[in-house]
Amino acid sequence: MANEKGLLAAADKGGLALVAIGGLAALLAVLLPIPVFLPIGIWYQSESMSAFLAVAAGVAALGIALMGLTRAWVRLVLVHPAPLLAFGLAAWSVVAGAFQSLPWAGWYGSPEIGEGVYWYLELGIFVASGMILARTRWLRLALALGATAVIGLVTAATWYNAKDGSFQLIPFFFPDYLAFMGIALIALLAGLLQVGDRSRWLWPILAMGGGVVWVSTNYATIGLFLVMAPASVLLAPRVLATVAGARRGFAIFAILVPLAVSVTVSLPFLEPLSTQQNFVGRLANSALSRHYLSNVVVTASQADPAMALHGFGWGRYSDLLAIHLPVEWAVLNDTLENRYEWRHKLWDAVHRVDFHSHNYLLDAFIGGGLPAVILALLLTASIPFWARRKHLHLAGFFAVVLGGTAAYWFQLAGTMPYVALAMAAIASPRPRLIPFRMRIPVVPAALLLALGLFLGFTGARNILFAGHAFSFMPTMSLPLSAGSSGAACPDVFDDGGRGGLHLMHRLRTVASAAVGAVKKGQNLSEDVVQGLRGLACAAEAHVERGTSFRLLVATLLARADLAFAPPHPLLDRLTAEYLVNWETRLTQALRIAPRRHDLAAPYLLWLLKENRAGEFAAWANLLFERNPNDKVAIWFAGIALLEDPARAEEGLRRMRQAMEMGIERVIPVDPSIKEELLR
């Protein structure tokens, strides 16, 4: 009996130590992308953070499981509304994934930030960890000091880089992510230092967080901050006088503000304002960009109404953008010298291939449909609804600004632990959504532990995978056609069901570099060509077994690069092998994205170059039959008619029509042809 008590006491102390290690370590994740630390992977500004947080969450989950053996209040933490809603969102996403084309992709989210099933499991673990650690005075102080130090360091580096431009010790290119850390700093300091809504010490804390928000230059957060900070501290205690009224009121505001921000980006006067060369114009253009991003989601849901039930998959916004790209007005031709004269010139999401809708509600809709949107809103609203009484109005401020910011910008993986700690610091320890009377609820904690450790050490977000993906280039000497099914590939790329985004990046990078070297007359080694052949084979195998649309597009663009490369003895053989099934892959892409006729343009130009008139005419007519109002279809159908003297004038008319519709936004047009058409 004594030995059993001793073991339980040791488990309790060891568990607390593990929770502290996991919780404190998570705060350091945001520093890992800085070059002097651990920048790994293709998307080095995020993949190291995601891998590290997985390990931290697994360690913390193990600590929670050990502490739960003896402490009843620890067991109740797991069913507190804040972590439970995060776990619920993760659970629903798993269910929804069963109805999505890439079920496992939603577990990992986009490699650029990693928001998905694992993200919300980790969020729940870190909220629960924060609630546990906040009960011990010296741990509260350690968390407050650690969070302040890291946020201060990152903020100072970002501020200095904004002034100098050459200071590279920053975790991310865009400073806007700092806004999440600024508002989280206010809530976590007030909660951990036990500074109530009416304390005079709240003002210095607000000033500190406000300074971080100001350095972020995230104007959406700055505007919300300037409105909500005075309202929360001065006005709200008078207007929302009762505790119950304040809880309900702030919870409702935490739902309405993100919805209002989502609607605001669709206001009709944004487009005229966006052309102004001033601060108002920049703000309007930013909002207009979000409007275009949201239109992609609307178009996708109209094409597939079932998305409302189960979504498309966390982190797959870039696929939706690629599938439903507004080809009718977007500028896709990088070589277009006068591209800045086009009306929609400022939408940079096309060339940047945005990986997030910049709206957490839209991304929740993509991740798991309307049920995920409801859970995401409830998660934000739960912050003030179940806050400590002394922090109630501060919790309202935090929830409203957090929700409004997340409806306009995305978080990084490294900012998520700070938001989790802020939620934990101001949360009331008492409420729970479901009864939980088991004496030793080891199973839930063990499941969280297993998921966290799987993710950290063996899952597709681990450090080994990121390094492998970064250097993946298996050499292949066999003819590519023999390995098109993947059977003869030297190495088939396995990313755990993510959809081949890392392989997409490798294929495009190596193909572009090889063709660029040939164009510049530089030496091209046999090893590089064999490596490119191995990448192409791996990509073909990945496409055959199910892949993201972006990888399929990458295989088309790589073929286009090779098809128009200057002659080279090493590259010509690979080109001949790779172009064999170009038509098959193009047909596959257009079946998924029928609006993307621009993807057919390189193939048709190549058919012209190769004097394959019959195949060219067949494809040109097919595109025109599919969409006679599409400028790409009109342009090539016009060229096809030039072969018939009786219809040559009609062909020229179509080509002029395509010029007026902006065919140059898709493909370059020879100046002499352009001059002839516009006479």
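The values are calculated or read from the model by the stated rules, or taken from the named source; none is laboratory data. Bear in mind the structure is a predicted one, so any value in this text is a computation, not a measurement. Cβ sites come from the backbone with ideal geometry, for glycine too, and all protein chains shown count toward neighbours. We work out accessible area using only protein heavy atoms, side chains counted, and drop any ligands, DNA or RNA first. Shrake-Rupley method; radii C 1.70, N 1.55, O 1.52, S 1.80 Å.
What to note about this one:
- Top-ranked residue in segment 496-506 [being outside any loop (DSSP other than H, G, I, E, B) and more than 19 Å from Leu480 (Cα to Cα); ranked as most open to solvent (accessible area, probe 1.4 Å)]: His505
- Residue within segment 620-635 that is open to solvent by less than 60 Å² (accessible area, probe 1.4 Å), in a helix (DSSP H, G or I), free of Cβ contacts under 8 Å to residues at least 40 places away in the same chain and polar (S, T, N, Q) present: no
- Members of segment 591-604 that are in contact (Cβ under 8 Å) with a residue 24 or more places away in the chain and either within 21 Å of His324 (Cα to Cα) or open to solvent by 10 Å² or more (accessible area, probe 1.4 Å) (or both): Ile592, Ala593, Pro594, Arg595, Arg596, His597, Asp598, Leu599, Ala600, Ala601, Pro602, Tyr603
- Tally of residues being within 21 Å of the chain's Cα centre (by Cα) and either open to solvent by 40 Å² or more (accessible area, probe 1.4 Å) or modelled with pLDDT of 85 or more (or both) across segment 286-303: 12
- Filter pass, Gln168 being open to solvent by 40 Å² or more (accessible area, probe 1.4 Å) and either under 18 Å from Ser428 (Cβ atoms) or at pLDDT 90 or above (or both): no
- Checklist (1) surrounded by fewer than 21 Cβ atoms within 10 Å (Cβ to Cβ); (2) part of a helix (DSSP H, G or I) applied to Pro566, failing item: (2)
- If the condition is being under 20 Å from the mean Cα position of the chain (by Cα), at pLDDT 80 or above and buried (at least 21 other Cβ atoms within 10 Å of the Cβ), then segment 452-479 contributes Phe465, Ala466, Ala469.
- Unique residue being surrounded by fewer than 19 Cβ atoms within 10 Å (Cβ to Cβ), of a type outside the set (A, V, I, L, M, F, W, C) and under 30 Å from the mean Cα position of the chain (by Cα) when the list is Glu540, Glu583, Glu544, Glu526: Glu544
- Qualifying positions in segment 80-92 - open to solvent by less than 10 Å² (accessible area, probe 1.4 Å) and either farther than 17 Å from Ala424 by Cα or not in a helix (DSSP H, G or I) (or both): His80, Leu89, Ala90
- Taking each residue of segment 118-146 that is open to solvent by less than 10 Å² (accessible area, probe 1.4 Å) and looking for partners that are part of a helix (DSSP H, G or I) and charged (D, E, K, R) with beta-carbon atoms closer than 8 Å, six or more apart or interchain, yields Leu133/Arg140.
- Condition check for Lys609: among the basic types (Lys, Arg) and crowded, with 17+ Cβ neighbours inside 10 Å: no
- You will find that of Leu38, Leu16, Leu24, the residue that is open to solvent by 10 Å² or more (accessible area, probe 1.4 Å), farther than 18 Å from Ala147 by Cα, of a type outside the set (Ser, Thr, Tyr) and within 28 Å of the chain's Cα centre (by Cα) is Leu38 and no other.
- The residue list Glu660, Glu664, Glu643, Glu675 contains one member that is open to solvent by 10 Å² or more (accessible area, probe 1.4 Å) and over 23 Å from Val331 (Cα atoms), which is Glu643.
- Under the condition of being at pLDDT below 85 and either touching a His at 6+ places or on another chain (Cβ under 6 Å) or surrounded by fewer than 16 Cβ atoms within 10 Å (Cβ to Cβ) (or both), the residues counted in segment 480-495 number 5.
- Some residue of segment 555-563 being open to solvent by 20 Å² or more (accessible area, probe 1.4 Å), acidic (Asp, Glu) and closer than 21 Å to Leu332 by Cβ: yes
- Of the set (1) surrounded by 16 or more Cβ atoms within 10 Å (Cβ to Cβ); (2) in a helix (DSSP H, G or I), all apply to Gly614 but (1).
- Just one of the listed residues (Arg550, Arg559) is basic (Lys, Arg), under 20 Å from Glu610 (Cβ atoms) and under 28 Å from the mean Cα position of the chain (by Cα), namely Arg559.
Yes or no, residue by residue, for (1) modelled with pLDDT of 85 or more; (2) in a helix (DSSP H, G or I); (3) open to solvent by 20 Å² or more (accessible area, probe 1.4 Å):
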{"position": "Pro204", "(1), (2), (3)": "yes, yes, yes"}
{"position": "Val213", "(1), (2), (3)": "yes, yes, no"}
{"position": "Met228", "(1), (2), (3)": "no, yes, yes"}
{"position": "Pro237", "(1), (2), (3)": "no, yes, yes"}
{"position": "Ala244", "(1), (2), (3)": "no, yes, yes"}
{"position": "Arg247", "(1), (2), (3)": "yes, yes, yes"}
{"position": "Ile252", "(1), (2), (3)": "yes, yes, yes"}
{"position": "Ser262", "(1), (2), (3)": "yes, yes, yes"}
{"position": "Leu267", "(1), (2), (3)": "no, no, yes"}
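- Members of segment 298-307 found to be in a helix (DSSP H, G or I) and within 12 Å of Phe99 (Cα to Cα), listed by number: Met307
- Residues that are over 42 Å from the mean Cα position of the chain (by Cα) and within 22 Å of Leu332 (Cα to Cα), drawn from segment 646-657: none
- Some residue of segment 137-155 being in a loop (DSSP other than H, G, I, E, B), at pLDDT below 95 and under 18 Å from Met416 (Cα atoms): no
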